[in-house]
Amino acid sequence: MNTSEIVQKLWNYCNVLRDDGMSYGDYVEQLTYLLFLKMTDERTKPPHNQPSTVPDEYNWQSLLNKDGDKLFDHYRHLLEELGKKSNMLGLIFGKSQNKFQDPAKLRRVIADLIDKENWSSMTADVKGDAYEGLLEKNAQDTKSGAGQYFTPRPLIQAIVDAINPQPGETICDPACGTGGFILAAHEHIVNHNKTMSAANKRKLKEESFRCWELVHNTARLCAMNLMLHGIGSDKDLPITVADSLASNPSERFHVVMTNPPFGKKSSTVIVGKDGKPAKEKETYEREGFFTTSNKQLNFVQHVKSILNINGRAAIVVPDNVLFEGGAGEIIRQNLLKDCDVHTLLRLPTGLFYAQGVKANVLFFDKKPGAEKAWTDMLWIYDLRTNIHFTLKTNSLKREDLDEFVQCYNPQNRHDRKATWSTKNPEGRWRAYAFDELIHRDKTSLDIFWLKDDSMEDSDNLPDPEILAQEIVEDLEVALELFKEIAEDLGPENDLEING
């Protein structure tokens, strides 16, 4: 059975369960519990013969041996008890609940959908890609909000191709969602290094990756995704369930790639050397940070802090990170001075399942301390002006980013050539010198130069579907701003904004 057939088989049954009120996200979670138990059971048998991490009274066979209400009660009790365990079991089963409403349907998923396949015998590509397919389908259910944890895979692939991670490098995602950057980096290294030794392959699998995720339910999906793709050891996975912004880890990394959750405000404030915490907010003290409650600006500071000297980073940021004043201006100025901020990719609308934001990818290399600023030229690729995508009818494909990766020139990014000039005003790739950047108002990096055709000629307006989507996104941005104003005013002002 190939990947698409497995996805379709598993997903078809979700439609039956939806009649019982089970959401797409609930279904993927329940499959995660059951797949873990089935694969653990398979590995206790030849040729693996591994000891089981699951107590006998809660293993896969214990589910197969029961039916009806006894199965239902046992499954609920199994989830509760395994959720109390530590390490891998706690990661997979922590805070788990039975979302099935009908014992017969639970029995059918166990016996017909899961037990009939030998998951451990499938290649990592087949079972991993099948699970990725389920996660993408779940992300498409915009009502569930799962899309905010799922970065479009063509965008991830282009970012990874540009960063070009190498064997022996340590790679981190401090806001990993379902693990897309880690999986793409692993695939890139394997595909570009066919002659790696067995020892190096094991090191890549078990020692090269590290990621953090704040939301336990999402971390569970990421953990299963990594395991199915063969990343991590049988007893440990490279994921921590925690707020990565809360502390400075002892580790430093060669490569950091991340897409932090969209949303400007945070319930916490990172307090830095200027030391001005907001009232009635939880605060984290971070050395070398500038105080702000802007979550995205804090992630920029955090990514910089966890890089090795000469380490490479790519971070997806909303437009406000490029132009916001106050702490934002100071953070950008310091980033330009302390790092080589060399590339900015302006992203089009219609890419993300979580709508309401215009985003960019900022690429920079961390450098050692120096009096002179490290940034020389910031190269900008404008994939936004006069380009529109939708999630269904015109979704982003990897080839849509071919020109960007070619312009980025991963093999030698110091040898770049602009595609824009006065003779070629449609070119999407041009450079701006440090002196020009540092003297812009608020050191704004929100730079564009192409003519927006829709502003000049009504005949060039996008399709109605795209216009409607952009209107919705602009309204969602406005609503988010109103929510932030309400939050800043406080409850005593009795201002309520409903989404």
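Observations
- Over segment 166-258: Kirkwood hydrodynamic radius from C-alpha pairwise inverse distances, Å: 13.3
- Between E285 and V271, the built amide H atoms are under 5 Å apart, and every one of these is 5 or more places off in sequence or on another chain.
- Between segment 149-199 and segment 377-407, the C-alpha centres lie 20 angstrom from each other.
- Rg/Rh ratio calculated on Cα atoms of segment 3-122 (Kirkwood radius): 0.94
- Across all Cα pairs in segment 133-460, the calculated P(r) in 20 Å bins from zero up to the longest distance comes to 31, 60, 9, 0 percent per bin.
Each value in this text was obtained by applying a stated rule to the coordinates, not by laboratory testing. Since the model is a prediction, treat every value here as computed from it, not as a measurement.
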